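Read the structure below first, then the notes.
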Amino acid sequence: MKKVMIGILLMVFNMGLGLGQNSGTDPLQSHLFSAESIMRNQRELGLDKEQRTYMVKQIQETQSEYTSLQWKLQDEVGTLSGLLENAEAPERDVLRQLDKVLDLEKAIKRSHLLLAVRMKNRLTEEQRTKLREFRDAGRAQRINRDRTQRRQTRPRTQDRPQSRTRAQDFPRPSGSR
C-alpha cells in the first residue's frame, strides 16, 4: 500500500503543468517561450536594454519564489510520507496533507506560467515570430536527428541474413546436374 501511494505521489509531482506535457504535446508551448530560449537568442532577437533588464529581474524574482516554494514543498512531502509510513494511514490527515502539497505544486506552476506570460508580453511581435521560427527549426532538426539515429540503429541490408531464394543456393540431389 505504501509503495502504491508513493508511486501515485511521484506521478502527481512529475506532471509538469499537467496539460498534456507527458504525452509530448503541451498546448501552451506553441504560445509561450522559455526564459532559456529568450536568453539564448537575445542577440538574434535584438533585445533592448530595457527588455533585458526587465526579464533578468523577473527571472530572479521567480527563482527566489521557486526556491522558497520548493523548500516548503519538500517539507510537506516529508510530512505526507511520514503519515503514509503508519501501518494504517489516517485518511483524513493524508488528504489534508496532500492538499497542502498540491497547493504548493499549484503555486510553483502558477509562478512559472506567470513568468512565461510576462516575458512573452515584453517581446515585440517581430521577436515572438523569430522565436517561433527558431523553435520550429529546432524541432525540425530534432526530428531529422531522431530519424537518422533510427536508421543507424537498424541493421544494414548486407548485415541482415539473406534468405535462400535462388535455385543455385540449394544443394542439388546427388546424380543431377
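Structure data summary
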| quantity | calculated |
| --- | --- |
| Out-of-range pairs (alpha-carbon distance over 30 Å; input Lys49/Lys106; Lys109/Lys130; Lys72/Lys130; Lys57/Lys130) | Lys49/Lys106; Lys72/Lys130 |
| Proximal aspartates and glutamates to Lys100, defined as alpha-carbon separation beneath 19 angstrom and excluding residues fewer than eight positions away on the same chain | Glu65, Asp75, Glu76, Glu85, Glu91 |
| Two-site FRET efficiency, Ala89 against Asn121, from Cβ-Cβ distance with R₀ of 35 Å, rounded to 0.05 | 0.20 |
| FRET E, pair Ile143, Trp71, Förster distance 35 Å, beta-carbon r, rounded to 0.05 | 0.35 |
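Since every read-out is calculated from the coordinates, none of them should be taken as a lab result. In this text the structure is predicted, and so the values were computed from the model without any measurement. Here the Cβ is made from the backbone with ideal geometry for all residues, glycine too, and neighbour counts use every protein chain on show.
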